[in-house]
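Data first, discussion second: the structure below is written as structure tokens.
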Amino acid sequence: MKGNTPPRVTMKDVANRAGVTIGTVSHVLNKTAGVSPKTDEKVRRAIKELEYVPNSVARNMRLKRNHQVGLLIPNLTNNFYFRIVSSFVDQADQDGYTVLILGYEYSLEREKRALKTLYENNVGTIVIANGAGDEKYLQKYLNRGINIILADRHTDLKDISYVEFENTRVIDDAVRMLKEKNYKSIGFLSEPLTISNIADRFEGYKKALVNHGYGFREDYVYISERLCMDNTQNGYLFMKELLDQKKKEELPEAFLISSDLQAIGTQRAIIEHGYTVPGDFGIVGCDNLELSGYVQPGLTTINQDGKLLGEELWKMAKMRTEGKDVRNIALEQQLIIRGSC
């Protein structure tokens, strides 16, 4: 896939839209002759509607865009995303590029504002990590020649590149491991399935249950908007409320959880209720944060290599900036077995 370069809006297009001559458009732009206020307004309205950029300005913008790359991150304090940012920025710096980093806290509106800010600052290639779910609004930036790359998710939108993690196989590995440890039922705890990586894990979970002789139960699936913020407290509060409402026998014996931070909070709530991990409940997280090896018991988790993801994202961003072909990538993940199951 190459960088998208749609037909450029010309001065003739502006003239046709405004119903004036090309010379009149030139006079409005360069202020070289008197033009009536009404005509001036028509021309400027056409320029705005068509998003016309004069040649000299476009040249300067392209020169600036060539060595600026944007990176949108959902949570700047999360260790997983920190590894991505650190790796990405190190590689970009070595190649002489500047990276502008903005956070959006899992909010679609903040993501849109951040993307608009990067565009207005002449950033020509933008990487969006994870994302808030709605990709349709990205099309207008593709139409303007902006390169869009997604991290840790995929899309069917034409002209968007992505680097994701392969989710199905590693979820099957986790379910197989839980069966070998004699867990009789497995639940799924996650934020809503609006992002492709979370949806893929859920599909992998359902397939793995069938592959390993478990029956799928809708009441063992726990989806909550609260978990979108991906923090320990929300995982803790969610599980605390669940344990307050249900008896142990009404819950699955093990949980696959969509992030390590949520899993650590979940584990604490279980232990505070007088249950044991892994005796009464097994826990599997996802991320392999450094913290996960230090909690007690250590968290079994799916290792997502943020450093490698950052490196691959930079290679792709650089190639897209240079107008080169790229292939979408799916990185392998590994199950890290510790003491929580």
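The values are calculated or read from the model by the stated rules, or taken from the named source; none is laboratory data. Because the structure is a prediction, the values reported are computed rather than measured. Positions of Cβ are backbone-derived with ideal geometry, glycine not excepted, and every protein chain shown enters the neighbour counts.
Of note:
- All of (1) among the hydrophobic types (A, V, I, L, M, F, W, C); (2) surrounded by 14 or more Cβ atoms within 10 Å (Cβ to Cβ); (3) free of Cβ contacts under 8 Å to residues at least 24 places away in the same chain hold for VAL210 with one exception: (2).
- With a requirement of 1 or more residues that are of a type outside the set (Gly, Ala, Ser) and touching a His at 6+ places or on another chain (Cβ under 9 Å), the strands (runs of 3 or more DSSP E) lying completely within segment 62-143 that satisfy it span 98-103.
- Residue count, segment 93-131 (criterion: among the aliphatic types (A, V, I, L, M) and touching a residue at least 40 places away in the same chain (Cβ under 8 Å)): 8
- Of all the numbered requirements in (1) surrounded by fewer than 18 Cβ atoms within 10 Å (Cβ to Cβ); (2) under 19 Å from ALA263 (Cβ atoms), GLU203 misses one, and that requirement is (2).
- Residue match in segment 266-288 (condition: of a type in the set (S, T, N, Q), under 13 Å from LEU189 (Cα atoms), modelled with pLDDT of 95 or more and over 22 Å from the mean Cα position of the chain (by Cα)): yes
- Selection within segment 297-312 - in contact with a Ser or Thr (Cβ under 7 Å, 6 or more places away or on another chain) and closer than 18 Å to SER340 by Cα: PRO297, GLY298, LEU299, THR300, THR301
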